[in-house]
Amino acid sequence: MKRALFTTLDTHPSVQTSVAARYDAFVRHVTVADALGFDAFWVGEHHGTNVGRIPNPAVLLAAAAAKTRRIRLGPAVSVLPLRPPRLVAEDYAMLDALSGGRLDMGVGVGSQRVEFEHLGVDFDQRRALFDAHLDELERAWETDSGPDKPPLYVATLSEEGAFRVGKAGRSMLTLVSPAVRDLDEIERRLRAHARGLEEHGGAANADAVVMVFACAAANEREARLRASRSLGNFIELSSGTRPDDPVALCDAMRQRGTGLFASREQMTARVDALVRRGFENLCFFVDFGTMEANAVEETMRSLAPSCL
């Protein structure tokens, strides 16, 4: 089993935290994650919105690379329609070199219309732009001087998309979002990805990363309240509407197994349940809804390889 972490460094108006403080906390967290033995740390790219404060993940991850030695680092995702692909190739080739070859490259189409409008890119053309930019990105890595081509992961939230990713012989990133009704949906995505890989003819190094919200605390009640407050903040930022009852939503996710909101003692069993379903590369979304930095670290320590 592989274990990774994820954040977008969102900022909520109700929480008075500076962007500089968020960056400092992230560098601290990735340093702790490296010491705890996590396999990777992923960060999301966002522009002109509080959903995330990482407009260029390569810059932030370069700072993380300087403070770590073994943990892999990557964007989840680099929104390819929003940047010239040759610049993306250069930025991340530089990160790969600075980190000693520790780049995992996540790419995606993008889902936030407001961010495309912010940068003057046609949201309705994002799929065509993604396909063209991904092709050029890969050509740049194959032909330009620099490090070897890093592992590439394509993000998708559907079975159809998972099949396409597999059929192209690529690894996949997928999210267990609050809207997912049960874990069967995620299993179907993984099976679709596997079918695509079979049609491709197999890809020995292809992988599937499953990202899931997680929050641990000293007891179940505290984890429940902490997660519901932060999840409500995050959904409000990403959708524009706050859930009517964030506590009920978290309780439903806990019951379905789609959210890891538990006491420290319960967390091992919750993770084991996902592994039994075949989720062998898990990425824990631990820093969301401007959760307090010490709470993020508590969850990280509960999920560390030494605890599982």
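The values are calculated or read from the model by the stated rules, or taken from the named source; none is laboratory data. This is a predicted model, so every value here is computed, not measured. Please note: Cβ atoms are built from the backbone with ideal geometry, for glycine as well, and neighbour counts cover all protein chains shown. Ligands, DNA and RNA are excluded from the accessible area calculation, which covers all protein heavy atoms including side chains. Shrake-Rupley method; radii C 1.70, N 1.55, O 1.52, S 1.80 Å.
Being over 25 Å from residue 51 (Cβ atoms) and either touching a Gly at 6+ places or on another chain (Cβ under 6 Å) or among the small types (Gly, Ala, Ser) (or both) is not true of residue 246. Among the conditions (1) open to solvent by 50 Å² or more (accessible area, probe 1.4 Å); (2) closer than 25 Å to residue 51 by Cα; (3) touching a Pro at 6+ places or on another chain (Cβ under 8 Å), residue 111 misses just one, which is (3). I want to confirm something. Restricting to the range 294-308 and keeping residues that are outside any loop (DSSP other than H, G, I, E, B) and modelled with pLDDT under 95, which single residue is surrounded by the most Cβ atoms within 10 Å (Cβ to Cβ)? If we take residues in the range 294-308 being outside any loop (DSSP other than H, G, I, E, B) and modelled with pLDDT under 95, then 307 is surrounded by the most Cβ atoms within 10 Å (Cβ to Cβ). A count restricted to the range 26-50 and to residues that are of a type in the set (A, V, I, L, M) and either at pLDDT below 95 or open to solvent by 20 Å² or more (accessible area, probe 1.4 Å) (or both) stands at 3.
Considering (1) closer than 26 Å to residue 8 by Cβ; (2) among the hydrophobic types (A, V, I, L, M, F, W, C); (3) at pLDDT below 95, the lone condition that residue 227 does not fulfil carries the number (3). Screening residue 153 on (1) open to solvent by less than 40 Å² (accessible area, probe 1.4 Å); (2) free of Cβ contacts under 8 Å to residues at least 60 places away in the same chain; (3) not in a helix (DSSP H, G or I) shows it passes everything except condition (2).
All of 119, 137 fail the test of being buried (at least 21 other Cβ atoms within 10 Å of the Cβ) and among the aliphatic types (A, V, I, L, M), apart from 137. When the range 81-98 is filtered for residues that are open to solvent by less than 10 Å² (accessible area, probe 1.4 Å) and more than 18 Å from residue 143 (Cβ to Cβ), the ones remaining, listed by number, are 81, 95.
Scanning the range 1-15 for residues that are under 15 Å from the mean Cα position of the chain (by Cα), hydroxyl-bearing (Ser, Thr, Tyr) and either more than 23 Å from residue 90 (Cα to Cα) or crowded, with 17+ Cβ neighbours inside 10 Å (or both) turns up at least one hit. Would you please list the contacts, defined by Cβ atoms under 7 Å and residues six or more apart or on different chains, that run from a residue in the range 185-214 that is small (Gly, Ala, Ser) to a residue that is open to solvent by 70 Å² or more (accessible area, probe 1.4 Å)? Every condition considered, the pairs that remain are 192/159; 196/164; 196/167. Within the range 140-150, the set of residues being surrounded by fewer than 16 Cβ atoms within 10 Å (Cβ to Cβ) and either closer than 30 Å to residue 185 by Cβ or of a type in the set (Val, Ile, Thr) (or both) comprises just one member, 143. Evaluating residue 291 against the criteria (1) surrounded by 20 or more Cβ atoms within 10 Å (Cβ to Cβ); (2) at pLDDT 95 or above; (3) under 23 Å from residue 4 (Cα atoms) leaves one unmet condition, (2).
Checked against (1) assigned to a helix (DSSP H, G or I); (2) over 18 Å from residue 99 (Cα atoms); (3) among the basic types (Lys, Arg), residue 3 passes all but a single condition, namely (1).
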